[in-house]
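Read the figures in this text as sums done on the coordinates, not as results from a lab. This is a predicted model, so every value here is computed, not measured. Here the Cβ positions follow ideal geometry from the backbone for every residue, glycine too, while neighbour counts run over all protein chains shown.
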Amino acid sequence: MIGTLIRCIECNEVINMTEWDYSPHYAWYEGEIKEQDSNDRQDFLQRHESHKTEELIPLTPPISDKPYAEPLKISYFEATNGKRRFLIKRWRSKIDDPYTYESIDGCIALTNGKVRAQTEAIKKQMKAENNSAISEEKLNCFVKAIQKEVENLDPDTLAVSAEGETPLISYYQLGSDCVDRILTRCQDSFDRHELKLLRDFVIEHNEYDDVMTLVAKKEFTIKKEAQKDEIPRAVRPAQHISRSNP
Ligand SMILES: [Zn+2]
């Protein structure tokens, strides 16, 4: 987030001052695009002219359950004045509006979701590459061996290989010990040639967000610090705000 975050100590209002604050706005007027002078800081500066202000330094990246590319989402981040933390809500109602910032009560509580294998994508990719070399029955056996491995994996112990479309989704590479255990589970159902094919497939597709990488979704709630109550986000009543399917 580029800019300088300023908070009015007396009113608890926040603005992010950026180099774009004086950029002209453009609007359609009688069939032509007209340039209009603008000053996004003016209102704030006038309202808090004789008030004490302070700079806040962001401590966390903005977090949201919406994709990075979604321009109208609500995000939250934490910032500090050097003495205490503030939870800042950021949003805009129109794509060409500047962001609005508000200091709200609470803190961000993140929880790790369970990791899962991309089972449908694995089956599809395997069928596309190997046609009938691996039967449907054996393919299901392979997928079960992966799911068995994934059951007890903790995302904190895995290496992130890619970020998902929202800040809450991450992809994780399978470690070599995981790969070995998966193939060991397949030993009785596959012959040597098939096992080699499986190993090559795993290695080939275990990068970035490819089909053999695992997916985990974090969830976040805004926790009220005073009461220590967990409350759902103010924006909509859903308790679980991460997407069900990345
Ligand atoms: Zn003020």
- Inter-centroid distance (Cα atoms) of segment 93-144 relative to segment 181-206, Å: 23
- Roughly how tilted is helix 192-204, in degrees to the nearest 10 and between 0 and 90, from the longest Cα axis of the chain? 10
- Task: Go ahead and collect, in residue order, the members of segment 94-122 whose backbone nitrogen is under 12 Å from a label point 7 Å along the Cα-Cβ direction of Gln36.
- Result: 97
- Within 10 Å of each residue's Cβ, count the other Cβ atoms and sort Phe220, Phe142 from fewest upward. Phe220, Phe142
- Nearest 10 degrees, 0 to 90: what angle lies between the long axis of helix 119-130 and the longest principal axis of the chain (Cα atoms)? 50
- Query: Where does each of Thr166, Thr18, Thr157, Thr184 land when they are ranked from fewest to most other beta-carbon atoms within 10 angstrom?
  - Reply: Thr157, Thr184, Thr18, Thr166
- Estimated translational D of the chain in µm²/s (Stokes, Kirkwood radius over Cα pairs; 10 °C; 1.306 mPa s): 73
- List, in order, the whole-Hz ³J(HN,Hα) value for each residue of segment 207-215 obtained from phi through the Karplus relation with A = 6.51, B = -1.76, C = 1.60 and θ = phi - 60°; use x for Gly and Pro. 10, 6, 10, 5, 4, 7, 6, 9, 10
- Among all cysteines in the chain, which have no other cysteine Cβ under 4.7 Å from their own Cβ? Cys107, Cys141, Cys178, Cys186
- Message: Give me the one-decimal nm value for the distance between modelled label points at Thr119 and Ile63, 7 Å along each residue's Cα-to-Cβ direction.
- Response: 2.9
- Percent of Cα-Cα distances greater than 16 Å, calculated over segment 33-118: 68
- Message: Given R₀ = 25 Å, what would the calculated FRET efficiency be for Glu49 paired with Asp97, taking r from the Cβ atoms and rounding to 0.05?
- Response: 0.60
- Cross-link list Lys114/Lys138; Lys52/Lys73; Lys73/Lys94: which exceed 21 angstrom alpha carbon to alpha carbon? Lys114/Lys138; Lys52/Lys73
- Item | Relative contact order (%) - the chain, alpha-carbon pairs under 8 angstrom, separation at least six | 17
- Using eta = 1.306 mPa s and T = 10 °C, Stokes-Einstein with Kirkwood Rh from Cα pairs puts D for segment 115-217, in µm² s⁻¹, at 115
- Item | MRE, 222 nm, helices only [DSSP H, n ≥ 4, -39500 (n - 2.57), over the chain, to nearest 500] | -7000 deg cm²/dmol
- Task: Among Trp28, Trp20, rank each residue by its count of other Cβ atoms within 10 Å, from fewest to most, as a rough exposure measure.
- Result: Trp28, Trp20
